[in-house]
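Reviewing the structure listed below.
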Amino acid sequence: MTTVPTRTPQDDFPDTNNDVSNIIVLDENQLVSNTEPDTLKGRIKKIANDAMANNPYFAAGGGLMLLGSGLAIARSGMIKLSRVIYTQMIVDLEIQSKDKSYAWFLTWMGKYPKRVSKHLSVNTNYIQHDNGAISTKFSLVPGPGNHWIRYKGAFILIKRERSGRMIDIVNSSPYETVTLTTLYRDRHLFDDILNEAKDIALKTNEGKTVIYTSFGPEWRKFGQAKAKRALQSVVLDEGIKEQIVDDVHEFMHNGKWYSDRGIPYRRGYLLYGPPGSGKTSFIQALAGELNYNICILNLSENNLTDDRLNHLMNNIPERSILLLEDIDAAFNKRTQSEENGFQSSVTFSGLLNALDGVTSSEETITFMTTNHPEKLDAAIMRPGRIDFKVYVGNASLFQVKHMFLKFYPGEEDLCQQFLSKFEKLKISVSTAQLQGLFIINKDKPHDAIEMINALSASSTITQPHQHIL
Ligand SMILES: Nc1ncnc2c1ncn2[C@@H]1O[C@H](COP(=O)(O)OP(=O)(O)OP(=O)(O)O)[C@@H](O)[C@H]1O
Ligand SMILES: [Mg+2]
């Protein structure tokens, strides 16, 4: 090793403490003797060597270059190292807005007391009750941005991000993610948080029935979960409720029987009869009894196509009963299209295909209702599509009696009076009409007996569809 035998930067800057001479060293081999043969290569080397040897700025630049690249290497090394440390010591959990736990998590976070967040969003629950009253509930949830929380002694960074470009086409809201970051050793806390969030969400639905309706291609919760309706509150003709409930229980306990025989694990029920006889109410009460939710699809709904029907029926939320209302709408096409141009978008074959195609790892319980059983095609009655059919008609004497006692408990004598008057009228009314009379005369059974004639006005004399199937 030889120092360059010419001026070094120290000569120019003698006061400097930096010993740059240590850096500006060149290998012996790099020094080209003047005796190098006069070849082209030799000449280039010589020119380069002269430039290095005789030009102090060039020499100093080389040193700085080395220093610079050394620092750059060190810097990238540091970045890599910190990345390794980050990946080893820090864990992230990403929850996407399309995931079910997303809403659960935001609610949990909104309720979590130990948080530092300045950005909040508001979630408004607007409920219109059956009686027209409206109640509104605001809940504050963390808005987009960073939030810190301290959970079970650990710090967790929560980042809610909204994608500017991606829009969730189903509900046309911006696509969002929430990312939780914490130390690797605290990663088990993610599980704890998600479980707490789930428990809070389920607790709000405890003892309630969630009703789903279709929204585009997906099922959406329809309002808030409703308090379960007691089965006793629905008065069907003698023995009908028990028959259906027993059949459903029997079906639900026989999953193995179905799988052993390779039969799709599904069962279809048809409730048919005049309006206001309690079909929908009974199915909702049954869902409550079984601890199931309910997915309601009205086949007479406009813009329900075969594809949508098929997709919806194959993507039912877990533990839900599927309720297809007004299935006769699928059979309108042939008759009504000629009459008034009306066409339901669901076709007869679309309905049959959807019923046949339902594949689910869980049991599938489908209830169907219609006021027009005469419109149904025999093909839908095939086992596997409809396995159990029940006529739910206008109020029988048995039902009149039990409806009366439901509204006026213990009034056995008055009930007898009401019944004998009712019999004399020889009318056929729906249970909904009876309910109407009893609601008008709330707590006044005598007045209800007086007013019984009012029922005649709205009665239907015959029950045209009785047991036609
Ligand atoms: N059998 C019944 N027992 C108790 N309540 C009933 C009964 N039938 C009807 N009601 C009451 O009448 C109203 C309408 O009943 P529901 O909607 O269940 O009738 P539906 O048979 O589904 O009628 P539609 O065929 O028009 O759909 C509800 O408020 C319900 O509580
Ligand atoms: Mg109904």
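Each value in this text was obtained by applying a stated rule to the coordinates, not by laboratory testing. As the structure is a computational prediction, the values presented were derived from the model and not from experiment. We place every Cβ from the backbone using ideal geometry, glycine too, and count neighbours over all the protein chains shown.
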> Please state the Cα pair-distance histogram of segment 397-457 with 10 angstrom bins from zero: what percent is in each bin?
Replying inline: 23, 68, 9
> Put a dot 7 Å past each Cα toward the Cβ at L425 and F155; how far apart are the dots in nm?
Replying inline: 7.5
> In straight Cα distance, which lysines are under 16 Å from K152, not counting same-chain residues fewer than 8 positions off?
Replying inline: K111, K114
> Given H placed 1.01 Å from N in the peptide plane, which residues other than close sequence neighbours of T347 have an amide H under 5 Å from its amide H?
Replying inline: D306
>> Sorting check: for 419-428, 76-85, 271-280, which peptide has the highest mean count of neighbouring beta carbons within 10 Å, and how do the rest follow?
In response: 271-280, 419-428, 76-85
> Which whole-percent values make up P(r) of segment 226-391 when all C-alpha to C-alpha distances are grouped in 5 Å steps starting at zero?
Replying inline: 1, 8, 18, 22, 21, 15, 9, 4, 1, 0
>> From the mean inverse distance of alpha carbon pairs (Kirkwood) and the Cα radius of gyration, derive Rg over Rh for segment 225-309.
In response: 1.01
> Any number yet on Rg/Rh for segment 152-251, C-alpha, Kirkwood?
Replying inline: 1.16
> Between A74 and K198, what is the FRET efficiency for a Förster distance of 41 Å, r being their Cβ-Cβ separation, to the nearest 0.05?
Replying inline: 0.30
> Where a Cα-Cα gap under 21 Å defines reach, which lysines qualify for K375, not counting those fewer than 8 residues away within the same chain?
Replying inline: K279, K333, K389
